[in-house]
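J.: Here it is, the structure in full.
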Amino acid sequence: MIAVVPVRGGELPAGGDEAVAEAGGRALLVGRGATDAAHDLAGIASEVRAWDTAGYSPGAWARALAPLLADERVVLLPASPDGRDLAPRIAAVADHAVITGAIEVREHMVTTIGFGGAVMAEHPIRGSVVVTLQPGVRGVEVDHSIAMELTHIDPELPEVPDAEVVEVLPPDVLTMDLSEAPRILGGGNGLDSGERFDQLRRIATTMDASVGTTRVITDKGWLPHERQIGTTGVVVSPKLYLAFGISGAVQHTAGLGDPDHIISVSYTHLRA
């Protein structure tokens with residue numbers, strides 16, 4: 001098994017380190033600043049191949065990487081936006097099956113979760129397969145006794161029809177994928193109206209933070225389902241999680257991953 005991790009600007013994507021850990025420390029990094037990103041895998045990766053490219057060319061990458069991955073039974077990518085884009089391209093070129101949304105990858109079995117977390121399924125691995133791993137579901141333990149062997153590769157980039165990057169825009173923190181958000185303001189049932197969430201959005205904007213919530217709020221329709229954090233929503237791992245009026249039920253906290261800081265603010269709504 002090997003993890004293929006697309007890199008932008010020397011930064012690993014969400015779940016990149018988890019994919020490498022799940023692959024037993026074997027990784028192939030591709031993209032601008034791949035070598036720089038490899039250093040963030042110290043204590044996680046034991047064998048890293050880095051391909052520093054000029055930009056983002058998933059179609060050409062898939063063509064160039066397929067021969068290098070031909071002997072790999074399982075090719076694992078993080079289910080980040082670029083990982084979800086690259087995975088089916090590699091599978092199509094290599095004529096592999098695709099399994100998406102995995103939460104665990106074993107030698108002969110892949111476990112996935114779907115339908116908003118309501119269904120867990122096991123898929124036997126038959127032949128070669130490309131798998132995407134959900135960010136935040138595994139976690140990573142750093143072991144500084146692991147020595148990394150870093151090698152550089154430079155396969156020929158083929159001329160193929162490909163996605164063209166016209167412009168890279170900064171993310172809108174209020175709509176960006178929660179799994180990628182460095183700061184999140186979460187609101188729960190302690191916020192007693194939809195207007196409270198309008199206030200939460202305004203506060204989040206001033207903090208360059210995203211807005212998350214619990215299932216009870218999405219059930220009320222005050223925020224869309226993609227803003228839901230927990231076992232039936234999104235798994236996150238921000239640097240800061242600021243929770244307002246959230247009780248802390250395990251269904252929600254199970255989706256928090258490993259934030260650097262968690263601050264919980266609660267209040268009692270008194271009625272006259």
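The values are calculated or read from the model by the stated rules, or taken from the named source; none is laboratory data. Since the structure is predicted, the reported quantities are computational estimates derived from the model, not experimental observations. A quick note on method: Cβ atoms are made from the backbone with ideal geometry, for glycine too, and the neighbour counts reach across all protein chains shown. We work out accessible area using only protein heavy atoms, side chains counted, and drop any ligands, DNA or RNA first. Shrake-Rupley method; radii C 1.70, N 1.55, O 1.52, S 1.80 Å.
J.: When you scan the range 48-80, how many residues do you find that are under 26 Å from His108 (Cα atoms), touching a Pro at 6+ places or on another chain (Cβ under 9 Å) and either open to solvent by 10 Å² or more (accessible area, probe 1.4 Å) or part of a loop (DSSP other than H, G, I, E, B) (or both)?
T.: So the answer is 4.
J.: A further question on this structure: Can you tell me which residues in the range 12-47 are part of a strand (DSSP E or B) and buried (at least 21 other Cβ atoms within 10 Å of the Cβ)?
T.: Once the filter is applied, which keeps residues that are part of a strand (DSSP E or B) and buried (at least 21 other Cβ atoms within 10 Å of the Cβ), the range 12-47 yields Ala27, Leu28, Leu29, Val30, Gly31.
J.: Report yes if some residue within the range 86-94 is touching an Asp or Glu at 6+ places or on another chain (Cβ under 6 Å) and surrounded by 15 or more Cβ atoms within 10 Å (Cβ to Cβ); otherwise report no.
T.: no
J.: Quick check on the range 224-241. Is at least one of its residues open to solvent by 70 Å² or more (accessible area, probe 1.4 Å) and not basic (Lys, Arg)?
T.: Yes, the conditions are met somewhere in the range 224-241.
J.: Return a yes/no flag: does the range 116-134 have any residue that is surrounded by 12 or more Cβ atoms within 10 Å (Cβ to Cβ), more than 22 Å from the chain's Cα centre (by Cα) and among the polar types (S, T, N, Q).
T.: Checking the range 116-134: at least one residue is surrounded by 12 or more Cβ atoms within 10 Å (Cβ to Cβ), more than 22 Å from the chain's Cα centre (by Cα) and among the polar types (S, T, N, Q).
J.: Report, by residue number, each residue of the range 242-267 that is buried (at least 18 other Cβ atoms within 10 Å of the Cβ) and among the aliphatic types (A, V, I, L, M).
T.: Of everything in the range 242-267, those that are buried (at least 18 other Cβ atoms within 10 Å of the Cβ) and among the aliphatic types (A, V, I, L, M) turn out to be Leu242, Ala243, Ile246, Leu256.
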